[in-house]
Each structure stands twice: as C-alpha cells, then as structure tokens.
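Engineer: I'd like to ask some things about the structure below.
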2 protein chains.
Amino acid sequence: MVPLEFWFDFGSTYSYPAAMRAEELAKAHNVALKWRPFLLGPVMKMHGHSGTPADLPAAKLQYIWRDTDRICTSQGIEFRRPSTFPRSGLLAARVALCGTGTPWEGDFIRAVFHSNFAKDREIADTVVIEEILGTLGLDAKQILAVARSERIKQLLRQRTTAASRWGIFGAPTSLVGQELFWGQDRLEQAFRWAGTSSLVPGSASVRDTRAQ
Amino acid sequence: MVPLEFWFDFGSTYSYPAAMRAEELAKAHNVALKWRPFLLGPVMKMHGHSGTPADLPAAKLQYIWRDTDRICTSQGIEFRRPSTFPRSGLLAARVALCGTGTPWEGDFIRAVFHSNFAKDREIADTVVIEEILGTLGLDAKQILAVARSERIKQLLRQRTTAASRWGIFGAPTSLVGQELFWGQDRLEQAFRWAGTSSLVPGSASVRDTRAQ
C-alpha cells in the first residue's frame, strides 16, 4: 500500500481547498493519507525565491484570488479573501505535528484552514488555536505546551529539509513514492496514481529518467 | 455566443498538450475557439519577470518536465523533451497570424507544437516552418513573405500589449469574456464556462469584485 503524503502550508491559498477534500478522496481511493504540514517560506528561500506573494506580479496575484474563489464555489466550501496574506502557519503546523496519527489530526487541520480562508481569523494567534482545540474537545493548554517543545520545533525544521530533498517547491504537493504532484488541481491525479501504484509493487518509486 | 480565446506561445511546454486538444473540446462544448498566438517573454518581462526558465528553481523545472510527460502520456500524444528550451515562437506566431480564420490555422498550430515537443525540431528555423506549410499543401514562400510584413509584425506586438491589458501573465491562458483561466489544466473548466456563459447573457463579462 503506497500512502499519499499531503504536504501543505496553513498560509497557502491553494492548500485550503485541497486540504478540505483530501480525506474524502483518500477514502474513495482506498489510499492512506499522511498529513505533512511544513513551512513553505523557508523552502522557497532555499530555491532562491523570496517566498513573499508581494513579489508576485499583480496580475498573477489577482488571478490567484479569483481562481481560488471559483474552486471553492465549485467545491461548495466557503471562501473569504484573508485580510492578512499570507498568515504564518508556524504555530498551527507545530500543533498539527502534535496531532500526527491522532483521530483529531484531520479535523484540526480543516478547522485551521477554515478559520484562515473562510472566517478571516489570525491563525498565528494562540487564542485562535486554543479556541479551535477547545471546539474539538481537546486540552488546549497541554497540546500547546507540547507544540512549543524543542522536539516539535525540531520536527518541523526537519520537514523543511525533507521537503527540499524531495524536490518540493510549492504547496500543496502530493508525494506518492517518489512521484510529485504539485497543486490542488493535481490531487485527484495523485490519489489515482497512489491507488494504481498499490497494485504494481515498486512502480511508485520509479522515476522517469527523462525527468531527471 | 461567448468564444474562448486560447492565448499560447509556441515555446511554452504546457501550451503544447492544451493546443493539441483545444479544437476537439471546442466542438464538444459547441464553443467558438479563437487561437491567440502571442509571445510570453515580453509579457513576463512587463510583469517584472526575466521570462527565462533558467531562472526557475531547478526542482520546479525538473517537475515541469515530469508533469508534462505524464500529461502527454495520459492524453495519448507523443512527447520528447526539447534539446533547446524555450525555443523562440516568433516566426511561427507570425505565420499563425497569417492563418487567422483560415481552414489551415489549427493544423499549422498543432504541427508546429508537434515539431517542437515531439520531434525536437528547431521551430525558429525558416526551413522547418516551410516544411510544415508544405506538408499542409500551402504556398510557403508566399505565406512567409506576408508573415514578415510590417502589418503582421505590428499585429503580434499589439498582442503583447493586449495580453498585458487582460491580465495575462502565463501561457496557455483561456480568456472567456473577461474571465481568465491560466494553465492547460484549466482548459476544460474554461470551455464549460464558455458553454454556460452563452446561456446566460452577459455573465461572462461579470468579474467578481473580490478579485479586483
């Protein structure tokens, strides 16, 4: 069984609609979903980009908002352009790491995205994250203490290095074996790939040599 | 009837698979297709980009080739990574402009893309373009003379200005009314939009104010 690793940043526009439908798709394709929160900023800087949307051409940024709005409409999810963009996903990513493999992991991730991209709330604020954890019936204080531990900080830093090693340069990115699928619009393709790869042992680890 | 304007550059990787299926999609959706060859380089420079793929992060460029290969495979079209990239589409774009509205327009466009991205031929060479025109049973010398006329050169320059005015920043881009769809992966969506817009008078010209 080849899992699909879903690499995302809580501040990334296109990560939002993809994250909202990832679990449903995983069930439909009978593929194991592994959430991989990471920080896109440091990864983009490693690739020589500023990582600042303000450096994008104005026309492209305008397009991104319009495009996201269309995608969310067709997916039937709420969308409001955040008044701050991009928001730092650092705290939320650390908390998500604490939730790895727990039953609340997916719910927390979706709630943070919803707060940022539907409710225009500041997800870098501890109060907002505490509230989300509380709504999920969790012990916010305890989880936040773990989220601020050296172990979790270290784990998140390792993610940046790993992302770069896998050739990840944007978010969201789906990783199936060694095969990359960049963008929310490649999510279905990535799940199909994972579903098929599971039937052909080893196939997901074969990279086309032309692409090297 | 709202037409779909297909803005493309002959040197652009993702323009290739999109151009190869555009006419079929237009027929299937009963939408008028208008080919819009333009030069992406000057448009990117207008937006403050170098327009040189060499300036892309290595990981992204590697991904683009792999992704294109997967797209072409699933579309059932040949793909070979061009030994020169990007190739100048200047001459081919001028010839395509000469063909606007003629029965050979689509065939010429597809033949140029096939030469560049399947046969690895230098589409900036007059010989290659002459050969393509000859294969289509056309008078290559005569068409090339028109292609090099001041009128056609001027038309192509106007395209750059128009692209920038419409907010186009990449290729391929589908323009339906004032609605932009960037990328080969948005082509089906753009055709659906055009098909639907034709049923709702004026709808394609309404831009979501949030995106302004």
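Engineer: Could you check region A:19-48 and list, in sequence order, the residues that are in contact (Cβ under 8 Å) with a residue 40 or more places away in the chain and open to solvent by 50 Å² or more (accessible area, probe 1.4 Å)?
Structural biologist: Selection gives A:GLU23, A:ALA28, A:HIS29, A:ASN30, A:PRO42, A:MET46.
Engineer: Within region A:188-197, is there a residue that is aliphatic (A, V, I, L, M) and under 30 Å from B:ILE71 (Cα atoms)?
Structural biologist: Here is the first cut: in region A:188-197, the residues aliphatic (A, V, I, L, M) are A:190, A:194.
Next cut, under 30 Å from B:ILE71 (Cα atoms) only: A:190, A:194.
Checking region A:188-197: at least one residue is aliphatic (A, V, I, L, M) and under 30 Å from B:ILE71 (Cα atoms).
Engineer: Shifting gears a bit: Looking at region B:122-141, which of its residues are assigned to a loop (DSSP other than H, G, I, E, B) and surrounded by fewer than 21 Cβ atoms within 10 Å (Cβ to Cβ)?
Structural biologist: If the condition is that a residue be assigned to a loop (DSSP other than H, G, I, E, B) and surrounded by fewer than 21 Cβ atoms within 10 Å (Cβ to Cβ), then B:GLU122, B:ALA124, B:ASP125, B:LEU136, B:GLY137, B:LEU138, B:ASP139 are the ones that fit.
Engineer: Please work out if B:THR13 is away from every other protein chain (no Cβ under 12 Å), under 30 Å from B:ASP139 (Cα atoms), touching a residue at least 24 places away in the same chain (Cβ under 8 Å) and in contact with a Ser or Thr (Cβ under 7 Å, 6 or more places away or on another chain).
Structural biologist: yes
Yes/no per residue for (1) part of a loop (DSSP other than H, G, I, E, B); (2) open to solvent by 60 Å² or more (accessible area, probe 1.4 Å):
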position: A:ASP120; (1), (2): yes, no
position: A:ILE143; (1), (2): no, no
position: A:LEU155; (1), (2): no, yes
position: A:ILE168; (1), (2): yes, no
position: A:ARG192; (1), (2): no, yes
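Engineer: Return the residue satisfying two criteria in turn: it lies in region A:59-89 and is open to solvent by less than 60 Å² (accessible area, probe 1.4 Å) and of a type in the set (A, V, I, L, M, F, W, C), and of such residues it is farthest from the chain's Cα centre (by Cα).
Structural biologist: A:ALA59
Engineer: Enumerate the helices (runs of 4 or more DSSP H) found wholly within region A:16-106, keeping only those where 2 or more residues are out of contact with any Asp or Glu (no Cβ under 9 Å at 6 or more places or on another chain), on the phi < 0 side of the Ramachandran plot and within 14 Å of chain B (Cβ to nearest Cβ).
Structural biologist: Counting at least 2 such residues, we get A:40-46, A:58-75.
Engineer: Assess whether A:VAL112 counts as being assigned to a helix (DSSP H, G or I), β-branched (Val, Ile, Thr) and touching a helix residue (DSSP H, G or I) at 6+ places or on another chain (Cβ under 7 Å).
Structural biologist: Yes.
Engineer: Further question: Go through region B:176-190 and give me each residue that's farther than 16 Å from B:ALA28 by Cβ and either open to solvent by 40 Å² or more (accessible area, probe 1.4 Å) or aliphatic (A, V, I, L, M) (or both).
Structural biologist: Of everything in region B:176-190, those that are farther than 16 Å from B:ALA28 by Cβ and either open to solvent by 40 Å² or more (accessible area, probe 1.4 Å) or aliphatic (A, V, I, L, M) (or both) turn out to be B:GLN178, B:LEU180, B:TRP182, B:ASP185.
The values are calculated or read from the model by the stated rules, or taken from the named source; none is laboratory data. Nothing here was measured: the structure is a model prediction, and the numbers come from that model. Positions of Cβ are generated from backbone atoms using ideal geometry, with glycine treated the same way; all protein chains shown enter the neighbour counts. All accessible areas refer to the heavy atoms of the entire protein, side chains included, with ligands and DNA or RNA removed. Shrake-Rupley method; radii C 1.70, N 1.55, O 1.52, S 1.80 Å.
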